[in-house]
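Each remark here refers to the structure printed beneath this line.
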Amino acid sequence: MWRFEASPRRAAPKGLPSSFAQHRISKGAYLHPAPLFLRSWHTDITYIGTWQGWLYLATVIDIASRRVVGYAITDHLRTELVADALANAVAARDPGPGVIFHSDRGCQYTSAAFAGLASDCAVTLSHGRTGQCWDNALSESFFASLKGELIDLQAWPTKAMARRAIVEYIAWYNGTRLHSTLGYKTPAEFEEVTKIKKVA
C-alpha cells in the first residue's frame, strides 16, 4: 500500500473530423460547473514513465464533483484507451442519456470509432477549440496532483507496479483527498451532500 499526502497548493489565480454534433461550453460555465453531478464529464490523457517503457492513463472526471468516474491504463495511445475509459465511466455511473463528454481535439476523441461508442452510450461529445488551455484545466489539475503526490516521488521499475499505485491513488483521490473547490470535501462526500440536498 502506498501512503498519499496532498501537496500544498497556491490560490488559483491533429484530430480527424467526425460527423457527430458538437456541444459548445462557454468559458464561464466550464469554470463554474452546475452543482449537480452526472451532467458533464471531462477527459484527457497523460503518460507515466517506467523502466519498462511508457504507460498511458486516460481519465474521465465529473466536472461538478471532481471525481474520477472512469479511467483506463494501457501501453499504447490507440482509440481503445479512451474508449475503455468512457465505457468504464458509463458502467460505473449509469448517467442516463445526454451527459456531456468534453475533450480536446486529439485524434482518439475525434475518431469515427469513438463517436460510434459515444452514440451507443447516449453521450454528447464536446470538443474544445484549438489553443484554449482552460479546456484541459480540470484534467491537468488531476494529473499534476497524481504526479506531484505519487509518480514523481519514486522510480517505477515495472508497468505493473505503476499501474497498481495509480489505481490505489485514484481511490484515495476520490474518497480521502480534500478539495478546496468542493469546500474541503472529498469528491465522494460532495456527491453525497449534493444528493441529500437534491432529495430534501
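Observations, loosely collected:
- For LYS159, the aspartates and glutamates whose Cα comes closer than 14 Å to its Cα, not counting residues fewer than 8 places off in the same chain, are ASP75.
- Theoretical FRET efficiency, 1/(1+(r/R0)^6), r = Cβ-Cβ of LYS195 and ARG105, R0 45 Å, to 0.05: 0.85
- Set of aspartates and glutamates near LYS147 by C-alpha distance (under 14 Å), chain-local residues within fewer than 8 positions excluded: GLU5, GLU168
Each value in this text was obtained by applying a stated rule to the coordinates, not by laboratory testing. A quick note: this is a predicted structure, and the numbers were derived from the prediction, not measured. We place every Cβ from the backbone using ideal geometry, glycine too, and count neighbours over all the protein chains shown.
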